[in-house]
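The values are calculated or read from the model by the stated rules, or taken from the named source; none is laboratory data. Note that the structure is a prediction, hence the values are computed from the model and not measured. Don't worry about glycine lacking a Cβ; one is built from the backbone with ideal geometry, like all the others, and counts go over all protein chains shown.
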């Protein structure tokens, strides 16, 4: 009985830990092929560690559109929780005054508030003002933040679209099912194919602002909208005369593409 009781304690502790870990994500949103999670209040380093455990980093903001998305999407939630700031991935821990993204991406855009960053050398982390000073603009912050500056981290994950097909190889005269997964929900998606092979980034699609890897691609079927789980499917009839052909496929959404998929017809 003592052994069973110990096992039950371990299981209960594990489930409690999982529940706590999951509860740190307050809100999730999707933008431009990326997934964003709002974390519960914590310091910068703990928030970054949580971001890494989720498969990403604290948010990297590359332009004004993404900046506005973060503020308009998560600002109201943080404000409702009496929060003052959102942690960004920007920091100058390595060298004072040399601000870098923790993701390793190049700094292409900044939105410092007037007088920011300050001259305080101990304020090594960047955050976004929420509900005070100049909301939506950035300031540098101590870590841990001052007792009155309640900070919430935003995690950014790159959505990796994955395209698969059944059956493989394709069967002439029958219908093949192409499935797109690991996508943002409710997002218009396109399927393209090529009989001419692939070359990385060889074909630009201005309407989607993406480079396909397909050479001289053509659209396969109609555009589909992913479901609430981020999945889209195409049912493509394979011509009966298409025997022994290599065919390359790739899916795309605005700003993001899937893997290129090589299959053949029997």
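Things worth noting here:
- Neighbours by Cβ (under 6 Å, 6+ apart or cross-chain): first from the stretch 123-151, assigned by TED's automatic domain parsing to the domain that holds residue 81; second surrounded by fewer than 17 Cβ atoms within 10 Å (Cβ to Cβ) and not in a loop (DSSP other than H, G, I, E, B): 130/79; 131/79; 138/112
- None of 65, 81 is under 21 Å from residue 187 (Cα atoms) and either surrounded by fewer than 21 Cβ atoms within 10 Å (Cβ to Cβ) or out of contact with any strand residue (DSSP E or B) (no Cβ under 8 Å at 6 or more places or on another chain) (or both) except 65.
- Condition check for residue 88 on (1) crowded, with 16+ Cβ neighbours inside 10 Å; (2) closer than 30 Å to residue 254 by Cα; (3) modelled with pLDDT under 95: one failure, at (3).
- Filter result (buried (at least 16 other Cβ atoms within 10 Å of the Cβ) and either at positive phi or touching a helix residue (DSSP H, G or I) at 6+ places or on another chain (Cβ under 8 Å) (or both)) within the stretch 91-126: 91, 102, 111, 125
- Remark: residue 190 falls outside the filter, which requires a residue to be surrounded by fewer than 18 Cβ atoms within 10 Å (Cβ to Cβ) and under 22 Å from residue 166 (Cβ atoms).
Let's see how each residue does on (1) more than 27 Å from residue 29 (Cβ to Cβ); (2) surrounded by 18 or more Cβ atoms within 10 Å (Cβ to Cβ); (3) under 19 Å from the mean Cα position of the chain (by Cα):
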site	(1), (2), (3)
232	no, yes, yes
241	yes, no, no
254	no, no, yes
258	no, yes, yes
